[in-house]
Amino acid sequence: MDQTDQLRPPSAPTARGRRLLRRLVPAAASALCGVLLYVSFPPRTLWWLALPAFAGFAWVLRGRGWKAALGLGYLFGLGFLLPLLVWTGVEVGPGPWLALAAIEAVFVALVGVGVAAVSRLPAWPVWAAALWIAGEAVRARVPFRGFPWGKIAFGQADGVFLPLAAVGGTPVLGFAVVLCGFGLYEAGRLIAERRRGRTLRRGAAAAALLSVAVPVAGAVAARPLVSDKAQAGTATVAVIQGNVPRAGLEFSAQRRAVLDHHARETLRLAADIRAGKAAKPDYVLWPENSSDIDPFTNPDAAAVINEAARAVGVPISVGGVVERDGRLLNEQILWDPAKGPTQTYDKRQVQPFGEYLPLRGLVGAINKDWTGMVRQDFSRGSEPGVFDFGGARVGLATCYEAAFDWAVRDTVTHGAQMISVPSNNATFDRSEMTYQQLAMSRVRAVEHSRTVTVPVTSGVSAIIMPDGRITQRTGMFVPAYLVQKVPLRTSETPATRLGILPEIALVLVAAGGLGWAIGSGLRARRAGGA
């Protein structure tokens, strides 16, 4: 080597190295912002982390071309959904979990393209936040009738924006959070430009300020919509958590044991009532799958339920698996201590790959063991479930249905004075799934101003007030009962009355912003060509 080469200082980074760094930093930031969004979700109460997560997402997307935005959006989606949905692989291995996260992240990637496109428009945080909600609306409907898990609203059960659920449901609540996050980034960007001596445009500054201030002010203004005041008297309700012998998919092979556990816990409640240790309820709520033995065809199962109902002396809502006219149904059965079964509700939103198997031939070709998990598909019910417990009307949204706006809302529009979400989370062991679902029920309580009870086979069971507060809850994988007097309410919130309209309005806003951005881009190209 020449002596002059030895004395020459190290060369500056090559152009290729700089380009690689410019790509890696936004990519890493996008994925980390997705993880930050995940951390804002239950069981943690760090709801406010959603704001810097979306501020960072805006930073990596602003001004990008569609290809870069697609990749960055996909990384954000993976950073968010991979840890959020890890519970889907608890018992079946990583294959379905990774596939689900990879598919759902595609929707986030497409939203990223839209956000990048509208980021050049005036008041862009509004269009961008509406695009996120439009993406959620699509995810909640396709494929296989949708998968709304991970809606931004479901991470806000402890947040200051929660009252907005009563204004326009999960779309308005989610829109406010995303808008505030994008608005924070825009405000910071404008402040940085001002410090560099650039002229601050009043319109842009006002838009950034309003993007932060309006969601917060709206949440404060919506507080009067949240009330725990009884409007149709009160009811004393009991929630039974019988527990399962073992966690995991094997619970279905322990059907008689699960039924006996729930009957035993109900008998313990009856004994405590007689001893004056517990108040007598007006009705008792068992969870989903508390009797996987069909009590209509199995006299032993019917006898066990009868004994429990007569001992406690009030009707019980029993979660059963029944076969009727060749159809397998996930059914709630209202069991009267004197009359036996009187009313039923069949679950309408059955879970793909859990209660029915789409693409059964393809799935079997990939892994034969997966088809064995769902040997027979469940059929869907067709009517909303509202049980009349001697004057108190209880709406039913079974487990997975709590994630779907329509499945909860139409129980209220059909007269429900409170809501119950009977669930079975034993398959998912001690994962975060049960806490994520519990947060959904808290949001639903505020959305429709109703008490919500959550009876779960293995926990966490809870009683939730109409303002979203949990007043009682159980542990996981322990037998327990909860008894409480709760308010019955009849009024409808704006969210209940408006139904899907706020979501449609936000989708139209998103479409308008995207159309404006595309039109502006085409005009700019023509002008450049000329």
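The values are calculated or read from the model by the stated rules, or taken from the named source; none is laboratory data. No experiment lies behind these values; they were computed from the predicted model shown. Positions of Cβ are backbone-derived with ideal geometry, glycine not excepted, and every protein chain shown enters the neighbour counts. What goes into the accessible areas is simple: the full protein's heavy atoms, side chains included, and nothing from ligands, DNA or RNA. Shrake-Rupley method; radii C 1.70, N 1.55, O 1.52, S 1.80 Å.
Hey, any hits in the stretch 473-488 for a residue that's assigned to a helix (DSSP H, G or I), open to solvent by 30 Å² or more (accessible area, probe 1.4 Å) and either in contact with a His (Cβ under 8 Å, 6 or more places away or on another chain) or at pLDDT 95 or above (or both)? For the stretch 473-488, residues assigned to a helix (DSSP H, G or I), open to solvent by 30 Å² or more (accessible area, probe 1.4 Å) and either in contact with a His (Cβ under 8 Å, 6 or more places away or on another chain) or at pLDDT 95 or above (or both): absent. Of the residues L249, L267, the single one that is modelled with pLDDT under 95 and open to solvent by 30 Å² or more (accessible area, probe 1.4 Å) is L249. So G276 passes all but one of these: (1) at pLDDT below 95; (2) surrounded by fewer than 15 Cβ atoms within 10 Å (Cβ to Cβ); (3) part of a loop (DSSP other than H, G, I, E, B). Which condition number does it fail? So the condition that G276 fails would be (1).
The set of residues in the stretch 406-429 being in a loop (DSSP other than H, G, I, E, B) and under 18 Å from the mean Cα position of the chain (by Cα) consists of V421, P422, N424, N425.
Looking at the structure I just gave you, is V216 in a helix (DSSP H, G or I) and open to solvent by less than 20 Å² (accessible area, probe 1.4 Å)? No; evaluated as a whole, the condition is false for this residue. The condition of being farther than 21 Å from G468 by Cα and surrounded by 20 or more Cβ atoms within 10 Å (Cβ to Cβ) does not hold for A68.
A single member of L190, L200 is assigned to a helix (DSSP H, G or I) and either over 30 Å from I419 (Cα atoms) or open to solvent by 40 Å² or more (accessible area, probe 1.4 Å) (or both), and it is L190.
The set of residues in the stretch 305-322 being in a strand (DSSP E or B) and either surrounded by 24 or more Cβ atoms within 10 Å (Cβ to Cβ) or over 30 Å from the mean Cα position of the chain (by Cα) (or both) consists of I316, S317, V318, G319, G320. Could you tell me whether the stretch 71-82 includes any residue that is under 30 Å from P358 (Cβ atoms), at pLDDT 85 or above and not in a helix (DSSP H, G or I)? No - not one qualifying residue is present in the stretch 71-82.
The one condition from (1) modelled with pLDDT of 95 or more; (2) surrounded by fewer than 18 Cβ atoms within 10 Å (Cβ to Cβ) that G395 does not meet is (2).
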